[in-house]
Amino acid sequence: MEKLKHILYVIFFAIYAFANAQEKPNIVFILTDDQSYNMLGCTGNSIVQTPNIDKLAKEGVLFTNAHITSAICTPSRTSILLGQFERKHAVNFNSGTSVSDEAWQNSFPMLMRSAGYYTGWIGKNHVPIGKGGYESGVMEKSFDYWYAGHGHLGFYPKEIHEIFNDAIADTQVEVIQEGVDDFIDSNARKLKGAIHFLEKRPDNKPFLLSINFNLPHGASTSTMKMKPTDDAIYKTMYRDMEIPLPEGYIAKAAIKTPKLPADLLRAEDRQSGYNYIDTPQAQKERYIRQLEAMTGIDRLVGKLQKKLHDLKLDNNTIIIFTSDHGLFMGEQGLGGKALCYEKTTHVPIIILDPRLKKKSRGFVSNALVQTIDLAPTMLTYGGVSLPNSFQGKSIINLVEGKKEEPRTYLLTENLWSTQFGNPRCEAVQDKEWKYIRYYKNNTISASKKIKVAKQFGIPINKMLYVVHDIDLVTYRDFVESPLQGEQPVYEELYHLKTDPQEFDNVIEDSKNEAVLNRLKSAWKTEITKARGTEAPKVYRYTAESQLESNMIIEPK
Ligand SMILES: [Ca+2]
C-alpha cells in the first residue's frame, strides 16, 4: 500500500510538473528600427495602415508614455537585451567596446534559454557581443534558432547577408516572415541558411522568439527600388495620397534660428543619410517609404497571429511590440536621432497577454515605462528570477490593469557624440515636465576629417567609422564627467503636458524655478542610479584590438 501511495505520489507530481511546464507562456518580441511613436494607426497616425498592430493594441495594452533609454540603435538594443541604461552597460558605436560574455549571460534571451525556453533570433542584430564583437560568433551560438545578420540588412537582405540566400522572397519583411514561419511551424519550408541544432521546435518547451526589423530605418528605406517583383505595398501604396508635412516642419532653407545653438548641434556634420529632411519633396518620398515599411511589418504581425492561431498557440503566446527609438523628420528643422527630444525617445510599447480575460484587456496606460523594463517583464512572464544587473522593472502589473507604476521620473541619455555633430545630453522627465542638459561638443567635425582623409588618401569610411583605442578614453569621459561635476553648457525645460512636441523652451521663465530645481535634483539621482557603481562588463573592441587578434573590424 505504501508503495502504491508512493507511485501515485510520483505520478501526481510528474503530471503537475508537466502541466506547469506547459503553462509557461511563449513570448514573441517584435522590435522595429527607428520607428517613431506616431507611425501606427493606434498611436494617432491617420494615414498609415496598420490594422493588425492596431488590433494587437486594442486587445492588449498600449503604453502611450513609453520611452527608450538611448536614441540610437546599438546602445538602445543593448539596453533592451541587458535591461540596463547605457551609462551602466557602456556599449555604443563610439565606445570601442563589446558586451562581455559575463554581461551577456544576464541578457534576457540567455536567461530564458537557461530556464528551458527554446529561443530564436530573426532579422537584425546591432549589438557587438563577445571578444571580437560581431565577428565573435557568440550571438550565432546563443540561440536555438538563428536567422539574422549583424548590422544593417538593407531592403533586399540577400544583397548584404549570405544567410538569407535561400529565402524565396527578396524584400526584408518577407524574408523575415519566412524565418518566422520556419521557427514556429514544423511544416513550413525549411530554410537552408538558418542555424539550428534541432530539426524542429520542441513541442514540450515554451519558446521565445525575437523578431528584429531593420525597418523603417533609413538604411533599408533608402535602398528600396520598387522592383517589379516587390509586393504592391512597396510600389504603389500611399503614392496617390495627399500627405501633409509633419507639424513644425522647417525646410533647411527656411531655418532662421536653429533649434539648438550651432556650436552645440553641428547640423552641417549630420550623416548625409538624413539630408532628405532638408526639402519637402525628399522628406515626402522617405516618409512614404516608411509608411510602406510599416504596412509590410503590420502584415507580418497579422500573418504571425494567424499562424499562432492555426497551430493553437495563440492562447498561450504573449506578443510584445516596440521600437528601438524614434527619428526626426524635419520637425523644427531637425533630422536624425541621438537626441533626448520626445521625437527620438518616445516609442509605443504594446503587450498582448492572451491569457488574461478579454474584458480586462484592451486599454491604454500612460505610466512612465521604458524599454529596459521589457527584459524583466519577459523573465517574469517566464517565471525566471531577475538578475541584480537589471535596472528596469517588470510592468506585468500594469498589463494586468493594476495602477502601481514603476517610476516617477524617467531618464534618457545620448552618449553618441562624434564627428557627426550630436552633443552629449541627458533628460529627466515626469508626466508633466522635462529637463534636458547638454554638454560642450568638443568633437572633431566630419567635414574636417574628410578633408584630411582626402589629403592623405585614406578611405573616408575608415576615417569616419573605425573606432580606435583613444576612443575608449573619450567615451569613458562622456560616461563619468557629468557625475563628476561637469557643467552643462545649455539647458532646456519643456512643459510636456501643453507642449508635447517641445517647441517652447521655458527654462528662462522664473515662475518655473521650483519645477526646474526639482528636476535638476531628480537628474542627479537618476543618472547616479543609472551609472551604478560597478565597472562596465565590456571587452575592448577597437581597430587595434582586432588587429592584435588578426581580425579586421568592419564598421556596422
Ligand atoms: Ca535604430
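The values are calculated or read from the model by the stated rules, or taken from the named source; none is laboratory data. Just so it is clear, the structure is predicted and the values come from calculations on it, not from any experiment. As a convention, Cβ positions derive from the backbone with ideal geometry for all residues, glycine included, and neighbour counts pool all protein chains shown.
Quick one: Thr171 ticks every box in (1) among the hydroxyl-bearing types (Ser, Thr, Tyr); (2) within 22 Å of Asn92 (Cα to Cα); (3) over 20 Å from the mean Cα position of the chain (by Cα) bar one, so which box is it?
It is condition (2) that Thr171 fails.
Are any of the residues in the range 77-84 within 16 Å of the ligand (Cβ to nearest atom), of a type in the set (Lys, Arg) and under 30 Å from Pro202 (Cβ atoms)?
Scanning the range 77-84, I find at least one residue that is within 16 Å of the ligand (Cβ to nearest atom), of a type in the set (Lys, Arg) and under 30 Å from Pro202 (Cβ atoms), so the answer is yes.
Determine whether the range 415-426 contains at least one residue that is within 20 Å of the chain's Cα centre (by Cα) and not in a loop (DSSP other than H, G, I, E, B).
yes
If only one of Tyr156, Tyr118 is within 23 Å of Pro376 (Cα to Cα) and either at pLDDT below 95 or over 18 Å from the mean Cα position of the chain (by Cα) (or both), which one is it?
Result: Tyr118 is the single residue among Tyr156, Tyr118 that is within 23 Å of Pro376 (Cα to Cα) and either at pLDDT below 95 or over 18 Å from the mean Cα position of the chain (by Cα) (or both).
Kindly check whether there is at least one residue in the range 235-248 that is outside the structural domain of Trp416 (by TED's automatic domain parsing), in a helix (DSSP H, G or I) and more than 16 Å from the ligand (Cβ to nearest atom).
no
If a residue has to be over 24 Å from Glu432 (Cβ atoms) and surrounded by fewer than 19 Cβ atoms within 10 Å (Cβ to Cβ) to count, how many in the range 385-411 make the cut?
Looking only at that region, the number is 6.
Six or more apart or on different chains, Cβ under 6 Å: which pairs go from a residue in the range 73-87 that's within 15 Å of Ser323 (Cβ to Cβ) to one that's of a type in the set (Gly, Ala, Ser) and within 14 Å of the ligand (Cβ to nearest atom)? Could you list them?
Going by the 6 Å Cβ cut-off, the qualifying pairs are Ser76/Ser70.
Pairs only if they're at least six apart or on different chains, beta carbon under 6 angstrom, first in the range 323-338 and outside the structural domain of Glu247 (by TED's automatic domain parsing) and of a type in the set (Asp, Glu), second within 8 Å of the ligand (Cβ to nearest atom) and part of a loop (DSSP other than H, G, I, E, B); list them, first residue then second.
Correct list of pairs: empty, since none qualify.
Of all the strands (runs of 3 or more DSSP E) wholly in the range 301-412, which have at least 2 residues that are within 16 Å of the ligand (Cβ to nearest atom)?
Because the criterion is at least 2 residues that are within 16 Å of the ligand (Cβ to nearest atom), the strands (runs of 3 or more DSSP E) in the range 301-412 that meet it are 317-323, 346-352.
Looking only at the range 117-168, count how many residues are away from the ligand (no atom under 16 Å from the Cβ), small (Gly, Ala, Ser) and within 22 Å of Gln546 (Cβ to Cβ).
Qualifying residue count, the range 117-168: 6.
Return yes or no: is Gln501 part of a loop (DSSP other than H, G, I, E, B) and either more than 30 Å from Val99 (Cα to Cα) or touching a Phe, Trp or Tyr at 6+ places or on another chain (Cβ under 7 Å) (or both)?
yes
Given the criterion farther than 28 Å from Tyr409 by Cα, among the hydrophobic types (A, V, I, L, M, F, W, C) and surrounded by 11 or more Cβ atoms within 10 Å (Cβ to Cβ), identify the matching residue among Leu496, Leu483, Leu464.
Leu464
May I ask you to list the residues in the range 225-251 that are over 19 Å from Gln281 (Cβ atoms) and more than 28 Å from the chain's Cα centre (by Cα)?
Across the range 225-251, the qualifying residues are Lys227, Pro228, Thr229.
Taking the range 98-114, which residues are in contact (Cβ under 8 Å) with a residue 60 or more places away in the chain and of a type in the set (D, E, K, R)?
Answer for the range 98-114, where residues must be in contact (Cβ under 8 Å) with a residue 60 or more places away in the chain and of a type in the set (D, E, K, R): Glu102, Arg113.
Does the range 36-55 contain at least one residue that is more than 16 Å from the ligand (Cβ to nearest atom) and among the aromatic types (Phe, Trp, Tyr)?
No, every residue in the range 36-55 fails to be more than 16 Å from the ligand (Cβ to nearest atom) and among the aromatic types (Phe, Trp, Tyr).
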